Amino acid sequence: MKILVCISNVPDTTAKINFTPDNKEFVSAGVTFILNPYDEIALSKAVDLAAGGGNVTVINVGDASTEPTIRKALAIGANDAVRINAPARDSFFVATQIAEYVKKNPVDMILCGRESADHNGSTVPVMIAELLGIPCVLFAKSLLLEANTATLDCEIEGGKQVVNVPLPFVAGASEGMAEWKIPNMRGIMSARTKPLSVIDPVDVAVHTRHHSFDKPATRSAVKMVSADAVEQLFELIRDEKKVI
Amino acid sequence: MSVLVYAENLQGKFKKSAFEIVSFGAAIAHEKNLPLTVLSIGQVAEEELLRLATYGAVKIMKVEGEAFHALSDQTVATAIAQAAAADAAQYVAMTASFSGKAIAPRVAIKLKAGLADNVIDLPKMSDGFVVKKNAYSGKAYAYCEVLSDVKVISMLPNSYKLVEDQKQAAIVPFSPVLGAADTSVTIRETIRSADKVSLPEAELVVSAGRGMKGPENWGMIEELADVLGAATACSKPVSDAGWRPHSEHVGQTGIAISPNLYIAVGISGAIQHLAGVSSSKVIVVINKDPEAPFFKAADYGIVGDAFEVVPRLINAAKNFKAGQN
């Protein structure tokens with residue numbers, strides 16, 4: 001069983017987000033970067049599935065600054081790692097790099113987080129699957145493997161769906177697929193010496209270009225309503241905000 | 001050439017989000033002086049299909065047949081891409097619903113098009129094509145330029161208003177050709193709670209946190225949601241503790257929502273929670289701690305015990321609803 005887990009290096013969920021004065025670039029100074037929380041769920045599941053004698057490879061598209069996060073993934077239990085040495089330009093660029101790697105190094109399963117905490121697109125897992133011509137189950141809450149078929153529960157509008165997919169496939173992990181694993185001392189020590197290969201990206205023309213950032217407008221001051229006067233709350237919201 | 005919108009139906013009925021994306025497509029069609037085609041997949045009655053013309057569709061492509069009863073992402077993506085090619089669509093738009101998010105990237109690759117995913121506003125089209133999206137889990141907006149000739153766009157629900165623009169529309173049957181790869185996923189079971197409002201599309205959301213003290217106290221939250229016709233949601237500690245399902249968790253690592261009204265009961269307002277709900281148009285916070293950080297991000301605040309305030313709100317909601325009818 002060969003499992004590939006795609007990981008992103010993202011700002012810590014508690015980080016305050018700031019941009020350069022021209023709003024063109026994200027300011028990373030003073031921001032802690034972490035393994036994307038959903039990717040961590042995917043990785044935890046992969047480590048569980050491989051416990052009976054499989055191999056888990058983590059792959060990241062990024063420059064050398066992502067290596068501490070890759071080592072964290074190795075500490076959690078991945079066997080080896082690949083870094084494709086290029087900044088992640090857009091989701092098509094990232095998905096193409098990973099799909100090209102998989103064409104040369106076939107796997108039984110590709111697990112990703114359902115979305116990344118920076119761009120939140122949920123696009124990379126789907127694009128990898130499309131580029132490889134295989135199924136993708138996004139928003140997967142559970143994954144059960146039997147021989148060459150996987151059964152997954154996934155979120156849909158107003159409910160859930162149970163699907164069967166043949167191997168190989170891509171899944172986007174949601175909460176519930178696995179318990180988060182906390183690296184132990186042995187994992188942390190062994191992560192330092194596990195193989196991390198750095199490979200060059202393939203050439204690909206991107207179709208999108210980042211333009212700029214902006215921050216949401218701050219809300220006007222909160223209007224306090226006495227707990228004894230909530231009877232008119234909905235009329236108040238209707239009259240003042242016209243949203244209901 | 002055309003603007004092609006995929007209008008998703010749920011058991012033969014179009015939801016509000018379908019009319020939102022049709023209105024959005026109509027605005028692009030108007031700007032670019034192109035006709036608007038709307039694609040429907042699955043069994044939908046003619047009368048329901050014609051509702052799409054209310055929002056500006058001049059052509060309605062319908063895909064029906066047994067292969068399209070249980071819709072897998074790959075089947076739908078193939079149908080959309082083939083319809084877009086047949087219609088020479090320059091712009092292909094759909095809702096970024098759970099299924100839309102799994103479909104749009106496939107369509108973009110099939111059409112060798114750039115993807116503008118999860119957009120929240122009409123693109124700027126005067127110079128190039130620049131879309132606005134949420135970034136950093138709701139803490140910022142990103143603007144992204146799509147460079148390709150053909151552009152695929154997915155838009156989050158509740159991001160664009162309904163604009164009526166009645167047209168005479170022709171219904172044209174379309175038959176996509178499916179390959180083996182399009183049908184490799186077998187849908188074993190679909191479970192939908194018919195009476196439950198889908199969280200990402202909900203206009204009103206009632207959410208609660210640890211202040212509720214335990215899962216046994218959720219009855220009043222559900223009742224308030226029920227009276228308002230709202231979806232229920234919860235904070236991360238609540239879903240982590242197993243009080244409520246993960247699918248209700250809103251916040252940075254849960255679902256990001258942008259309802260018209262978000263009512264938060266007993267949620268202190270950690271930065272990760274705020275990230276997922278800050279796009280809500282109006283936020284009401286109920287907390288017994290006057291220092292709760294969530295009050296700073298709210299439009300209306302009520303300091304009080306949830307167990308006293310929520311029953312009063314249920315009465316207030318009942319009276320409000322009665323006054324509307």
Review point. From B:ASP149, B:ASP226, B:ASP165, B:ASP182, which residue is closer than 21 Å to B:ALA102 by Cβ and among the acidic types (Asp, Glu)?
Key: B:ASP182
**Study point:** Listing of strands (runs of 3 or more DSSP E) fully contained in the range B:107-180 that carry 3 or more residues being within 9 Å of chain A (Cβ to nearest Cβ)
**Key:** B:114-119, B:130-135, B:140-146
**Study point:** Breaking point among (1) within 11 Å of another protein chain (Cβ to nearest Cβ); (2) in a loop (DSSP other than H, G, I, E, B), for B:SER99
**Key:** (2)
Exercise for review: Taking the residues in the range A:215-244 that are more than 7 Å from every other protein chain (Cβ to nearest Cβ) and among the hydrophobic types (A, V, I, L, M, F, W, C) as candidates, determine which candidate is nearest to B:GLY301 (Cα to Cα).
Suggested key: A:ALA221
Point to revise | Elements of type strands (runs of 3 or more DSSP E) in the range B:239-318, at least 3 residues being in contact with a helix residue (DSSP H, G or I) (Cβ under 8 Å, 6 or more places away or on another chain) and within 8 Å of chain A (Cβ to nearest Cβ) | key: B:282-287, B:300-303
Review point. Which of (1) under 16 Å from the mean Cα position of the chain (by Cα); (2) not in a strand (DSSP E or B) does A:VAL5 not meet, given it meets every other one?
Key: (2)
Exercise for review: Hey, can you tell me all the residues within the range A:157-198 that are facing chain B (nearest Cβ under 8 Å), in contact (Cβ under 8 Å) with a residue 40 or more places away in the chain and among the polar types (S, T, N, Q)?
Suggested key: A:SER174
Check your understanding: Among B:VAL163, B:VAL177, B:VAL172, which is the only one that is surrounded by 15 or more Cβ atoms within 10 Å (Cβ to Cβ) and β-branched (Val, Ile, Thr)?
Key -> B:VAL163
Practice item. Please find, within the range B:51-94, the residue that is farthest from the chain's Cα centre (by Cα) out of those that are of a type in the set (Asp, Glu) and assigned to a helix (DSSP H, G or I). Key: B:GLU66
Practice item. Can you give me the number of residues within the range B:206-238 that are part of a strand (DSSP E or B) and facing another protein chain (nearest Cβ under 10 Å)? Key: 1
Point to revise | Search result, residues across the range A:112-145 that are within 8 Å of chain B (Cβ to nearest Cβ) and part of a strand (DSSP E or B) | key: A:CYS136, A:VAL137, A:LEU138, A:PHE139, A:LYS141
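Every number here is computed from the coordinates shown, using simple stated rules; none is lab data. Bear in mind that the values here come from a model prediction, so they are computed numbers and not experimental data. No Cβ is skipped: glycine too gets one built from the backbone with ideal geometry, and neighbour counts run over all protein chains shown.
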